[in-house]
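Structure first, then comments.
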Amino acid sequence: MSRLRDIGIAIGTLPTGTHNAITDVPGVLVGYDTVVSDSPHVARTGVTIIMPRGHQSWHAPVFAGSHSFNGCGEVTGLAWLKESGLLYNPIAITGTPWVGAVWDAMSWFAVSQGFNDSFLLPVVAETYDGWLSDRVGELVGRQQVINALNHAHSGPIAEGNVGGGTGMICHEFKGGTGTSSRIVTAAGQSYTVGVLVQANYGARADLRIDGVPVGRAIPTSEIPSGWSEPNHTPGDGSIIVIIATDAPLTSSGCDRLAQRATVGLARTGGYGHNGSGDLFVAFSTGNELADNRHQLEQIRVLPPSAMDQLFHGVADAVEEAIANALCAAQTTVGFNGRTAYALPKERMQAIVRAAGFSQSPQATQPLPDTRQP
C-alpha cells in the first residue's frame with residue numbers, strides 16, 4: 001500500500017501530523033471491519049468507525065457542525081447535531097444499503113453497554129457500493145459494527161479498500177478510504193486538523209492531482225471506467241468527509257470547517273453534481289464537556305479571525321486524503337464481474353512531474369508504512 005507522499009508528491013505547504021492521518025488529533029480512534037466474500041453473496045463492503053474521544057465517545061459529547069455541498073446522500077442524526085451543536089457518539093460510515101443495520105447496531109451496542117441513559121441518535125453516513133457488491137443479504141450488521149468498534153485504534157490507519165470504503169469508485173478508478181492531517185497555528189497555539197474521507201464520486205476527465213489534470217491524461221480508453229453501465233452519469237456518486245481538530249471551537253466554528261472541505265474536493269475535481277451526496281461533518285475535541293444539565297459549562301473558543309490556518313489545513317488535508325484513497329486502493333473485481341481498476345501510481349507520478357512539479361521537501365522522506373487493517 002502506498003500514499004501520495006510515498007511517490008514524492010505533497011499537497012500544500014503546511015506540515016502534516018506524525019502519521020498524516022485523522023488519528024493525529026489526540027484521542028481520535030478509527031476502526032474498520034472489511035467484508036469481502038463471493039458466497040452466498042458477493043460482498044465488497046464494510047464499515048468505518050471514528051471515535052472522537054476514544055472509548056469515552058459514548059459519554060463525552062464534542063462540539064460539532066456539518067455542511068451539505070450536495071445532498072443526494074444520507075447522514076443520520078444531523079438534525080439533532082445541528083440543533084444541539086454537539087456530537088454524542090462515534091460516527092459510522094458504510095455503504096448505502098446498510099445504513100439502517102448500522103444505525104440499529106450502534107444503538108444496540110450503546111444500550112447493551114449501558115452507555116446511554118436517554119435516547120440515542122447515531123450518526124451514520126453512506127456512499128453507494130452497490131455496483132461492486134450484491135445489494136441483498138445482511139452484509140453489514142451488528143457483528144461488523146462491534147468488530148470495528150473493538151478494533152478502533154490511534155496511530156497509522158489503513159486506506160483504500162478498507163471498511164466502508166471497500167466497494168467504492170472515485171473518478172472512475174478504484175476509490176475508498178483516505179486520510180490526512182495538518183499542523184496549524186492559531187492564536188499563538190499549535191493545533192492539529194485531521195480528515196478522513198470515503199471517496200466514491202467523480203468523472204475521470206475531472207481528476208486533478210496537485211492541480212495537474214491527471215484524469216485527462218489517463219482516459220477510459222486506456223484504463224476502463226469502474227462504471228461500465230452506459231446510463232451512468234459521469235461525476236455522480238458521493239463523498240463523506242469527517243474533519244477532526246483539537247482546536248477549541250463551538251458548533252459555529254465546526255460548521256465553518258466543514259464548509260472548507262468543499263475547497264479540497266473542488267481542487268481534486270468534485271463539482272457537487274446533482275446525483276452526488278457530498279456531506280461533511282466536523283468536530284472539535286478542544287473543550288471537555290460534561291453535558292450536565294445542572295451545571296454551567298466553561299469553554300474556550302478561537303475567535304473567527306484566528307481560523308484562517310485551520311481553513312487552509314482542512315482544504316489541503318481533504319485534497320490529500322482523496323489522493324491517498326486513490327493511491328492505496330487496489331483493483332477490485334466485484335458483483336457480476338464488474339471491475340474497478342486502481343489508479344496507476346507510476347504513471348500518475350510521471351504526469352505530475354512532466355507538468356512541472358518540483359518535489360516538495362516534505363515528500364522526500366515518507367513515513368514507514370506501518371498501517372493496520
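We did not get these values from a lab; they are worked out from the coordinates using the rules stated. It should be emphasised that the depicted structure is a prediction, and the values quoted were computed from it without experimental measurement. Don't worry about glycine lacking a Cβ; one is built from the backbone with ideal geometry, like all the others, and counts go over all protein chains shown.
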### Task
Return the Rg/Rh value of the range 194-251, two decimal places, where both radii are evaluated on C-alpha atoms and Rh is the Kirkwood radius.
1.14
## Note on the structure
Lys and Arg at +1, Asp and Glu at -1: neighbours of Ser37 with Cβ under 13 Å from its Cβ sum to -3
#### Entry: Net charge dipole size for the range 78-188 [Lys, Arg +1 and Asp, Glu -1 on Cβ; Debye, nearest 20]
220
### Query
What percent do you get for the relative contact order of the range 168-254 when only Cα pairs under 8 Å and 6+ apart count?
33
#### Entry: Rg/Rg_globular for the chain, with Rg_globular taken as 2.2 N^0.38 Å and Rg from C-alpha atoms
0.92
#### Entry: Whole-number D in µm² s⁻¹ for the range 57-212, Kirkwood Cα-pair radius fed into Stokes-Einstein, 4 °C, 1.567 mPa s
75
### Task
Sort Glu319, Glu222 so the one with the fewest other Cβ atoms within 10 Å of its own Cβ comes first.
Glu222, Glu319
### Query
Starting at 0 and stepping by 5 Å, how many percent of the alpha carbon pairs of the range 230-352 end up in each bin?
2, 9, 15, 16, 16, 14, 10, 7, 5, 3, 2, 1, 0
### Query
So which GluC sites (Glu not before Pro) in the range 127-187 are both in a DSSP loop and have at most 12 other Cβ atoms within 10 Å of their Cβ?
Glu138
## Note on the structure
Contact order relative to length for the chain, counting C-alpha pairs under 8 Å separated by 6 or more residues, stands in percent at 27
### Task
Could you calculate the FRET efficiency of Ile299 with His59 from 1/(1 + (r/R0)^6), where r is the beta carbon distance between them and R0 is 22 Å, rounded to 0.05?
0.80
